[in-house]
Amino acid sequence: MKNILTLVAFLSISLLHAQAFKGKGDIKGQIGLTLQNGGTGIGISSDFGIGENMSFGFVAGYMLNADKIAEVKPRFEDRADFKVRFNANIGNVLKLDDNMDVYPGLSLGLRNFGGHVGFRYFFTDGFGMFAEGSAPLARYDTDVNGFEHYNNQFVFIIGTSFKLD
């Protein structure tokens, strides 16, 4: 019981000082597990604050255990995807606690133009968790089949967020 009370007190104090998005000059990084149809992988992203409620960033994703299609293994270029993105960080607009952020946005990648929405929760000033869903809005190739489908579908990512500045 004593350990539980100590943990609750520590987390309560930590949550008072955590802040999910501060605005211009804020730099956040994220790494997480990607879940999608055909395999799972790893996703890495960074966001750079450029205004009170705006940020831009970069995303890289790689499928670790992609399924074979017609007994053919996917190559690196079939598994990898890179994107630039723009976020509207609206946690303070929604009047959420300083340690929470909601960030809808748009991304431009190697295979599509897409949208995403995510949620960050920071336990301390530098460490938190996030969940994000992204989906293509417009594909560069209208006839997506085979391995092209891997990076042209809904993807859910869950993982850790951390402060880089």
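Quick notes on this one:
- The condition (being at pLDDT 90 or above, in contact with a Leu (Cβ under 9 Å, 6 or more places away or on another chain) and closer than 14 Å to Y150 by Cα) is satisfied by just one residue among G41, G61, G29: G41.
- Looking across the stretch 27-56 at every residue that is crowded, with 21+ Cβ neighbours inside 10 Å and more than 10 Å from the chain's Cα centre (by Cα), the one that is farthest from F156 (Cα to Cα) is identified as G49.
- Those residues of the stretch 57-77 which are out of contact with any strand residue (DSSP E or B) (no Cβ under 8 Å at 6 or more places or on another chain) and surrounded by 15 or more Cβ atoms within 10 Å (Cβ to Cβ), in sequence order: I69
- Figure legend. Inter-residue proximity from the stretch 143-165: first residues farther than 19 Å from D26 by Cα, second residues basic (K, R) and buried (at least 16 other Cβ atoms within 10 Å of the Cβ), beta-carbon distance below 6 Å, spacing 6+ or different chains. Indicated pairs: N151/R111; N152/R111; N152/R139.
- Selection of the stretch 148-165 for residues being among the β-branched types (V, I, T) and surrounded by fewer than 17 Cβ atoms within 10 Å (Cβ to Cβ) yields I158, T160.
- Verdict on L94 being touching a strand residue (DSSP E or B) at 6+ places or on another chain (Cβ under 8 Å), loosely packed, with under 14 Cβ neighbours inside 10 Å, free of Cβ contacts under 8 Å to residues at least 40 places away in the same chain and more than 21 Å from V155 (Cβ to Cβ): yes
- Residues located in the stretch 115-147, provided they are under 15 Å from Q36 (Cα atoms) and surrounded by fewer than 16 Cβ atoms within 10 Å (Cβ to Cβ): A131, G133, A135, G146
- Scanning the stretch 43-66 for residues that are touching a residue at least 40 places away in the same chain (Cβ under 8 Å) and assigned to a strand (DSSP E or B) gives G43, S45, S46, D47, G49, S55, V59, G61, M63.
- Identity of the residue in the stretch 129-165, acidic (D, E) and out of contact with any strand residue (DSSP E or B) (no Cβ under 7 Å at 6 or more places or on another chain), that ends up farthest from A88 (Cα to Cα): D143
The values are calculated or read from the model by the stated rules, or taken from the named source; none is laboratory data. Because the structure is a prediction, the values reported are computed rather than measured. Quick reminder, even Gly has a Cβ in these numbers, built from the backbone with ideal geometry, and neighbours come from all protein chains shown.
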